[in-house]
Every structure is written in structure tokens, then in C-alpha cells.
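Okay, structure first, notes after.
The values are calculated or read from the model by the stated rules, or taken from the named source; none is laboratory data. It should be emphasised that the depicted structure is a prediction, and the values quoted were computed from it without experimental measurement. Virtual Cβ from ideal backbone geometry, glycine too; neighbours counted across all protein chains shown.
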Amino acid sequence: MEKLRGFEIAKGFENKGINLPERKTKYSAGYDIEAAEDTVIPSFKKGMNPTLVKTGLKAYMRDNEYLMLANRSSNPKKKGLILANSVGIVDKDYYGNPDNDGHIMFAFYNIKDEDTEIKKGDCIGQAIFMPFLIADGDNAEGERTGGFGSTNK
């Protein structure tokens, strides 16, 4: 069977009890993503960087697709968590990159007054496979050379 799109365990997480994402109902758009390890997300202070929460996952997809990472609707109210980039975009060529094998991470800020603790196995977000279109005259030929945040380096 040809592999079209899906999830795999990223290198370094093979024996860490990582669960592959699942949709909980037949009409769900998103695959629920779990944290790969316990992580503390500190209360936000001006100038701080977001906390990257590891998933232990990578995703493969077709040439005209990307994986959208979205926050859980309950995260801001219950845990104070918002995505630093509002929505995450995982490109096809992120898969298997030499820096981190395409390991997917969620970048969170915590807007509560106290630190928030994420436990291994907690659902932290959703991943949705999406198609995209190319504009007339597009001639992009660059190749990814790294992992997280490596575009244009």
C-alpha cells in the first residue's frame, strides 16, 4: 500500500511509549496530539521565548499538502496556553530533515499567573492535513537544509 499521509515516531523517541495521533470521531478534522514528555510552561514574562513541547512525532504527506497545528479549544481557558505562532505549519520537506528528523513540536506561551505543567500523554493540540495551491508563475526550487525555523537560513 502506498503511503499518502500519516504519522511516524521521530528518531530518538522509538522506545518512549509515543502514541500515534487519532481522530476521536468520524467527523473530526483534527488528529489529537499528545505531549511526549512532562514539560513545565512558565507564566509569561515580557521578552521570554515560547516553550517547545515535544510530540515525538513526524508527519509525511503528499507534495501539495501541509500539516496545520492548531491549539485545543480548551487550552487557553483551562491551562492558559496559546500557540506562539497562532497556527503551526509543517511543510512536507520538514519530514526526515537532518537537524531533527522532522520532529513536530508545539510552541506555547502560558498566559496564566502560575506555571502550567503538561504531563506525558496529555493532549496538547490538533493536527490537520490540508491541501494548498500554487500561484501562477511560482518557480520555487529551494531545498530545506534544516529543521525547526530553518527556512531562509
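Things to note:
- Test: residue in the stretch 36-43 that is over 18 Å from residue 116 (Cβ atoms), of a type outside the set (Phe, Trp, Tyr) and at pLDDT 95 or above: no
- Some residue of the stretch 40-54 being under 25 Å from residue 12 (Cβ atoms) and of a type in the set (Lys, Arg): yes
- Note on the stretch 37-55: residues that are charged (D, E, K, R) and free of Cβ contacts under 8 Å to residues at least 24 places away in the same chain amount to 2.
- Condition met for residue 105 (touching a Lys or Arg at 6+ places or on another chain (Cβ under 9 Å), surrounded by 14 or more Cβ atoms within 10 Å (Cβ to Cβ) and either within 27 Å of residue 3 (Cα to Cα) or among the aromatic types (Phe, Trp, Tyr) (or both)): yes
- Only one of the listed residues (110, 71) is surrounded by 13 or more Cβ atoms within 10 Å (Cβ to Cβ) and under 17 Å from residue 21 (Cβ atoms). That residue is 71.
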